[in-house]
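First comes the structure, then the notes that go with it.
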């Protein structure tokens with residue numbers, strides 16, 4: 001039975017037994033691909049309408065599965081579907097600044113009210129565009145569909161084009177949001193595995209979102225959140241996180257201050273070392289979320305992987321699905 | 001008779017082997033210098049492509065793509081000793097997974113067959 005495959009403004013009828021990759025290629029749509037056997041993940045695409053065939057999702061990270069990413073070479077749908085290339089699925093949406101408050105000496109919390117339906121998983125990021133056309137990406141710290149607003153943590157930078165704009169902007173200021181994107185978020189399902197979240201600076205925003213989402217879905221495994229700061233004054237949301245830990249016995253908040261003192265409420269030292277020291281014994285089941293400074297994310301990702309955490313269980317903000325074909329090992 | 005790729009377990013075998021293999025590569029001082037500045041997620045995908053090829057599975061490697069993909073590494077000193085180390089690590093990965101010695105030898109022979117292209121000779 002022929003089914004209709006839509007992409008962008010066009011659509012094609014697929015032939016019997018034909019994969020999504022073959023159908024698009026036959027119709028002149030160029031899809032990056034390599035192994036044609038569901039392994040290399042070069043042909044990653046996203047289903048934007050209709051069901052994602054299970055067989056086309058084998059080997060993908062659970063966060064990609066939940067976003068209906070599929071491997072085009074393995075994708076044989078028995079229903080009409082719409083598909084998009086990675087990153088092309090989210091559109092632009094107008095929004096207004098609905099509120100803001102200071103979280104510490106250089107971090108501001110911004111609330112946006114989208115004009116229309118906007119949903120994303122807490123921990124994904126969106127691109128914020130102001131009236132001058134300046135665009136910056138920020139992680140979402142809450143569940144916008146549930147709360148009716150979007151919460152972002154903005155680091156105030158000296159001469160920062162966007163942060164300067166946000167600092168001055170009044171309530172009701174119109175902006176544009178694009179997205180969401182990213183696969184650093186909580187996957188619903190069996191909630192008994194241990195979770196470790198580690199971030200520096202405003203890398204706390206997505207982790208705060210992931211932790212609250214996990215708790216909201218009744219996650220029963222231990223959840224440890226580490227927030228790394230240079231000095232004590234760089235920490236933020238301390239009272240909120242301590243309160244969250246009081247209300248949920250399986251949630252642990254571990255602030256880490258590099259230039260800290262002994263016997264304070266935080267741990268003095270390097271967040272990378274502290275994270276490695278608190279990784280649960282059950283490393284192969286542990287899900288690790290890393291956000292913040294790129295050097296920190298890259299280094300800790302590697303250390304944790306070498307320490308026994310499975311590559312498919314490591315989620316970070318920087319990760320975007322590869323689009324280049326694997327030409328070499 | 002089942003093909004080598006089928007005997008090893010196909011894509012499931014690749015998914016089971018990739019973390020073990022790449023952990024050994026990153027921990028091996030003979031070769032880990034070539035992997036210092038690359039994104040781990042992207043590397044994992046590339047290693048899966050390599051393992052699929054070495055396991056006798058479907059792949060689109062060509063001599064040209066092998067040569068182009070390793071040119072910058074040859075310029076950085078990639079040589080026979082490094083290829084030897086990778087084939088050795090591949091073997092120890094498979095024996096850790098309980099693969100029979102005869103099948104490991106077949107995998108090693110496939111990996112060996114691309115040595116000249118990898119080293120751009």
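The values are calculated or read from the model by the stated rules, or taken from the named source; none is laboratory data. Treat the numbers as computed from the prediction; the structure is a model and nothing was measured. Neighbour counts are summed over all protein chains in view; Cβ atoms, including those assigned to glycine, are modelled from backbone coordinates with ideal geometry.
The residue of segment A:103-120 that is surrounded by the fewest Cβ atoms within 10 Å (Cβ to Cβ), among those that are assigned to a loop (DSSP other than H, G, I, E, B) and modelled with pLDDT of 90 or more, is A:105. Quick check on residue B:33: is it more than 8 Å from chain A (Cβ to nearest Cβ) and either more than 12 Å from the chain's Cα centre (by Cα) or touching a residue at least 60 places away in the same chain (Cβ under 8 Å) (or both)? So residue B:33 fits the description; yes. Screening residue A:209 against (1) within 19 Å of the chain's Cα centre (by Cα); (2) in a helix (DSSP H, G or I); (3) within 14 Å of chain B (Cβ to nearest Cβ) leaves a single unmet condition, (3).
Just to be sure, is residue A:195 within 24 Å of residue A:98 (Cβ to Cβ) and touching a strand residue (DSSP E or B) at 6+ places or on another chain (Cβ under 7 Å)? No; evaluated as a whole, the condition is false for this residue.
Residues of segment A:13-43 that are within 15 Å of residue A:81 (Cβ to Cβ) and outside any loop (DSSP other than H, G, I, E, B): A:13, A:20, A:21, A:22, A:23, A:24.
Listed here are the residues, each with its yes/no results for (1) without any contact (Cβ under 8 Å) to a residue 40 or more places away in the chain; (2) touching a helix residue (DSSP H, G or I) at 6+ places or on another chain (Cβ under 8 Å).
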position	(1), (2)
A:50	yes, no
A:56	yes, yes
A:60	yes, no
A:76	no, yes
A:111	no, no
A:115	yes, no
A:121	no, yes
A:127	no, no
A:131	no, no
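Looking across segment A:254-282, the residues that are closer than 26 Å to residue A:61 by Cα and in contact with a helix residue (DSSP H, G or I) (Cβ under 8 Å, 6 or more places away or on another chain) come down to A:271, A:272, A:275, A:276, A:279. Counting only strands (runs of 3 or more DSSP E) that sit wholly inside segment A:239-324, those with at least 1 residues that are over 17 Å from the mean Cα position of the chain (by Cα), buried (at least 17 other Cβ atoms within 10 Å of the Cβ) and at negative phi are A:251-257.
Residues in segment B:72-93 that are within 23 Å of residue A:41 (Cα to Cα) and either within 11 Å of chain A (Cβ to nearest Cβ) or part of a loop (DSSP other than H, G, I, E, B) (or both): B:86, B:90. Do you know which of the residues in segment A:15-48 that are more than 14 Å from chain B (Cβ to nearest Cβ), buried (at least 21 other Cβ atoms within 10 Å of the Cβ) and out of contact with any helix residue (DSSP H, G or I) (no Cβ under 6 Å at 6 or more places or on another chain) is farthest from residue B:59 (Cα to Cα)? Step by step, filter segment A:15-48, then rank; the result is A:47. Taken over segment A:12-36, the residue count meeting the criterion of being within 30 Å of the chain's Cα centre (by Cα), in contact (Cβ under 8 Å) with a residue 12 or more places away in the chain and farther than 18 Å from residue A:53 by Cα is 6. Do we find that residue B:56 is more than 10 Å from every other protein chain (Cβ to nearest Cβ) and free of Cβ contacts under 8 Å to residues at least 40 places away in the same chain in this structure? Taking the combined requirement at face value, the residue does not satisfy it.
At pLDDT below 90, over 27 Å from residue A:307 (Cα atoms) and either within 11 Å of chain A (Cβ to nearest Cβ) or surrounded by fewer than 18 Cβ atoms within 10 Å (Cβ to Cβ) (or both) - does that describe any residue in segment B:1-12? Yes: segment B:1-12 contains one or more residues that are at pLDDT below 90, over 27 Å from residue A:307 (Cα atoms) and either within 11 Å of chain A (Cβ to nearest Cβ) or surrounded by fewer than 18 Cβ atoms within 10 Å (Cβ to Cβ) (or both).
Any idea which residue in segment A:298-319 is nearest to residue A:201 (Cα to Cα), counting only those that are free of Cβ contacts under 8 Å to residues at least 24 places away in the same chain and touching a strand residue (DSSP E or B) at 6+ places or on another chain (Cβ under 8 Å)?
Quick first cut of segment A:298-319, residues free of Cβ contacts under 8 Å to residues at least 24 places away in the same chain only: A:298, A:301-302, A:305-306, A:311.
Add one more test, that the residue is touching a strand residue (DSSP E or B) at 6+ places or on another chain (Cβ under 8 Å), and what stays is A:301, A:305.
Numbers: A:301: 17, A:305: 23 Å.
By that ranking, first place goes to A:301.
Out of A:225, A:204, report the one residue that is in contact (Cβ under 8 Å) with a residue 40 or more places away in the chain and crowded, with 21+ Cβ neighbours inside 10 Å. It is A:204.
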